[in-house]
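Here's the structure, in structure tokens; my notes come after.
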Amino acid sequence: MALFVAGNWKMFASRAGVTQFVDELASHWHTADGVVPVVFPPTGYLAQLQTELAAKLPGCVALGGQRIHPEPQGAFTGESSAAMMLDLGASWVLAGHSERRTLFGETDEMVAAQVKAAIVAGLKPVLCVGETLAQRQAGEAEQVVARQLDSVFAKLDAGFGEGAVAYEPVWAIGTGETASPDQAQQMHAFVRERLSAMDAKLAEVPLWYGGSVKPDNAAELFAAPDIDGALIGGASLAAASFWQIIEQAAGLTSA
Ligand code: PEP
């Protein structure tokens, strides 16, 4: 299976920054066989990023949106639909990122509706799941992740398409604290088992790890058998560190 290296830019971007990122990434680029890089910029920068990538790194980096509204269109000020993401060049979309759940009150039901809408429209969803520090300390990590998975997968009548699940322990996002490869692998194995039990086809769903992934810890995480990719916030903003993570993934896939 390919290794995914995905950058979540959150609310960090500018037109000049997009140009600089693509120029710098292109200056580092050499073959990265077996790696699928994906960038999730703020919606307003998707089209520019698509144009610049097509000119300077054709076919090398896929794009994703950070969130969609589940309805195809309507009076929903500030929102964007799955079809709009596709129109802007995205092929992926995040759903249920912990910042959306915590800061914007997104419930499991809302996340499930987004995942369903993405699949129906032909976007590949990345379902983000993960426990808080308090939940881990209370021994509830697996229970929380199971609930987040079940609430989405129970509602999927048309399969999960080519979607991915990202395990992002909330205590490791933007904190500099990373789950150890053992902790991450343990949860990924749990997710893999739970999905396979629902439907044998779901055993193939790529499982990404997210939470302070950096060039100096990426290789040991990628080496874990059930880690098929990384969702990277801070370290994806600079082309140099994003490229270093892609290189580490490429080294492992060609090994
Ligand atoms: C994220 O935003 O999904 C994330 C994992 O951020 P960071 O890499 O900065 O922890």
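Between beta-carbons, use under 10 Å as the cut-off and find the net charge around Val22, counting Lys and Arg +1, Asp and Glu -1. List each step's numbers first, then the result.
Values: positive: Lys56; negative: Asp23, Glu24, Glu52.
Around Val22, the charge tally is -2.
Apply the Karplus curve 6.51 cos²θ - 1.76 cosθ + 1.60, θ = phi - 60°, to the phi angles in the stretch 141-146 and return the couplings in whole Hz, x for Gly and Pro. Couplings: 4, 5, 4, 5, 5, 4 Hz.
Close amide H contacts of Ser81 (hydrogens built in the peptide plane, cut-off under 5 Å, sequence separation of 5 or more or a different chain): His69. Mean projected area of the convex hull spanned by the Cα atoms of the chain, taken over all viewing directions: 12.7 nm². Taking the helices alone, the chain has a mean residue ellipticity at 222 nm of -12500 deg cm²/dmol, built from -39,500 (n - 2.57) per DSSP H run of at least 4 residues and averaged over all its residues. Taking amide H positions as modeled 1.01 Å from N, with prolines and chain starts lacking one, the residues under 5 Å from Val39 and 5 or more places away or on another chain are Gly7, Ala62, Leu63, Gly64. For the residue pairs Lys124/Lys155; Lys155/Lys201; Lys116/Lys201, the C-alpha atoms sit no more than 21 angstrom apart in every case.
Please express the Cα-Cα pair-distance distribution P(r) of the stretch 81-121 as a list of whole percents, one per 5 Å bin, running from 0 to the bin with the greatest distance. Reading upward from the zero bin: 5, 25, 28, 20, 16, 5.
Of the residues Gln148, Gln48, Gln185, the one that moves most in a GNM of the chain with alpha-carbon contacts below 10 Å is Gln48. About its Cα centre, the dipole of the stretch 137-255 is roughly 160 debye, where the only charges are +1 on Lys and Arg Cβ and -1 on Asp and Glu Cβ.
Since every read-out is calculated from the coordinates, none of them should be taken as a lab result. Just so it is clear, the structure is predicted and the values come from calculations on it, not from any experiment. Note that we place each Cβ from the backbone using ideal geometry, even for glycine, and neighbour counts take in every protein chain shown.
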